1. Could you pull out the residue among Leu370, Leu356, Leu381 that is under 24 Å from Asn288 (Cβ atoms) and touching a residue at least 40 places away in the same chain (Cβ under 8 Å)?
2. For region 311-332, check the following and say yes or no: at least one residue is β-branched (Val, Ile, Thr) and in contact (Cβ under 8 Å) with a residue 40 or more places away in the chain.
3. Could you tell me whether Leu244 is buried (at least 17 other Cβ atoms within 10 Å of the Cβ) and over 28 Å from the mean Cα position of the chain (by Cα)?
4. Please indicate, with yes or no, whether at least one residue in region 119-139 is surrounded by 15 or more Cβ atoms within 10 Å (Cβ to Cβ), within 19 Å of the chain's Cα centre (by Cα), β-branched (Val, Ile, Thr) and over 17 Å from Leu220 (Cα atoms).
5. List the pairs whose first member sits in region 267-294 and is outside any helix (DSSP H, G or I), whose second member is surrounded by fewer than 14 Cβ atoms within 10 Å (Cβ to Cβ) and modelled with pLDDT of 85 or more, and whose Cβ atoms are under 7 Å apart, counting only residues at least 6 apart or on separate chains?
6. Kindly indicate whether Val298 is modelled with pLDDT of 90 or more and assigned to a helix (DSSP H, G or I).
7. Filter region 80-112 down to the residues that are without any contact (Cβ under 8 Å) to a residue 60 or more places away in the chain and in a loop (DSSP other than H, G, I, E, B), then identify the one that is surrounded by the fewest Cβ atoms within 10 Å (Cβ to Cβ).
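The values are calculated or read from the model by the stated rules, or taken from the named source; none is laboratory data. In this text the structure is predicted, and so the values were computed from the model without any measurement. Virtual Cβ from ideal backbone geometry, glycine too; neighbours counted across all protein chains shown.
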Amino acid sequence: MNREFRRRAPLCLNMVLAMTVMALALHKLYGSPAPAIKAREGELTKRISQGTVTRALPVSGVRPASARYTDFASGTDRRRWLIDQLRAMGVPNDVLAIVAQEDYQIQWDGNFKKCGGNRDKLAAVQLAMDLGKDAEMRAALGDAGFKQWDQAHMLWEALSIPVDLTPAEADSLYDLKKKLQQRELELEQAKVNGTMDAAEISDASDKAYADYNQQMKALLGDDRYARSQQLDAAFSAGNLQYALAKAGVSPTDSQFQSLFQAQQQWDKSFSALDASAPDYAAQYQALNAARDQQYQEVLGSNVFGAYQEAQDPGYTQMKKYETLWGLDDSKVDYVYNTMKSYETSVQSYQAQISALQAQGQNADAVEQQLKQVTDQTGEALQNYLGQDSFSKLQRNHLFLFNQ
C-alpha cells in the first residue's frame, strides 16, 4: 500500500464522519435549521467533501454551552460554541479539528472574493489567514485539543515514514517543525511586504530547511533520520528495483548489487554537496556522469540506453503520443538524443557561468554562447520535425527552451 493511499484512507473516513456529525449536530441543535445555518452547513459539507482537511487524533474534554450558534457575532466565539456542542455529543478531536478548520476557512471566503483575482491581494489575504490560524484553532479546540491535533499534523508532515519516538523526542521534533513553520511565514510576509527579494527569500528558505534537517538528524540519529525520510538502504534498493523493472531490465543478483552500490555512492556524495558552492553544478554533473558510467559498464550500452529512456519523462511521453504528435520511432529517438546533448551543454555552460560569477568575473560571453546553442537546437528540431509537430511538443513542455 503506497504512502499516499495510507494517508488518504483515514482522511476519507474523517470526511464522511465529519459530514455526518455536522448534519446530525445541526439537526439536533436546531430541529429544522434556519436558512442561514443550512447554507453554512452546505458550504462546510462541500469543503469537507473537496478534501481540504487535515489529520489529527482524538482528545477528551467538554465545555458546556448555553447559547445558540446565531447569538455570536464573532467567528471565533461561534466556532468555539459549535465545537463545544459537538464535543459534548462525543465527537472525537480529530473530527472537531476538521470542522473548526473548515469553518475558519469559510470565514475568510469573503476576503478572498474581494481580491478580484489580484495576485498580490490574494497573497496578502492568504498570509493573514495563515498567520491567524493557530490562534483560531487553539481558541476552538482548547490548549490540549490544539496541541494534540497540531502535533499529530506536524509530525505527520515531518516523517515520511513513521519511526519510534519517545514523548520527549516527539515534543522536540514538534518544536523544530513549528520553528520552521514560523520561519516560512516570516519569509512569506517579507515577500508580501517587499522587504526581501526573491533571491534573498530563496537563500533564507534553503538555510532554514538545512538547519531544520540538520537538527532533526541530530535528534533522531542517522539511522532513524534516514528511515523517516525514506533515505535508508532498504528504501533506496526498492526504488532501484522498481526503476529497473519499469524499464524492462532484469539484472542478475550480482549486477543489481553493483548498481545499488553505485547508487548508494551517488546518494552519499550528493548529500555532501554544498549547494552554495560556485562549482556545485559541475560537481553535480560529475556525480551523474560517474554513476551513469558505472551503470553502463554493468548493464552494457544497449540495456543502459533503454534504462535511460524509460527514466526520461519526455521520452515516455513522446512514445505515448507518437501518432497524435506526428512522430515515429526515428523522430522520437532524434528528439531524445538532441535534447540529451543539449542538456549536457546547458549544464556545462551553467557550471562555467557560476564559476566566473563566483570569481567576480563577467560571464556575458559564456551566457551568449549558451543562448546560441539554445537557438541552434531549437532551430534544428523545428526544421527536422516541422512546425506542427514542433509546436505540439513545445506546448506540452517537452523542450527546456522557448522558440
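1. It is Leu381.
2. The answer is no; no qualifying residue exists.
3. no
4. No.
5. Ala275/Asp206
6. Criteria met by Val298.
7. Among them, the one singled out is Gly90.
Per-residue answers, yes or no, for (1) of a type in the set (S, T, N, Q); (2) at pLDDT 90 or above; (3) surrounded by 14 or more Cβ atoms within 10 Å (Cβ to Cβ):
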{"residue": "Thr344", "(1), (2), (3)": "yes, no, no"}
{"residue": "Tyr349", "(1), (2), (3)": "no, no, yes"}
{"residue": "Ser354", "(1), (2), (3)": "yes, no, yes"}
{"residue": "Ala363", "(1), (2), (3)": "no, no, yes"}
{"residue": "Thr377", "(1), (2), (3)": "yes, yes, yes"}
{"residue": "Ala380", "(1), (2), (3)": "no, yes, no"}
{"residue": "Leu385", "(1), (2), (3)": "no, yes, yes"}
{"residue": "Ser389", "(1), (2), (3)": "yes, yes, yes"}
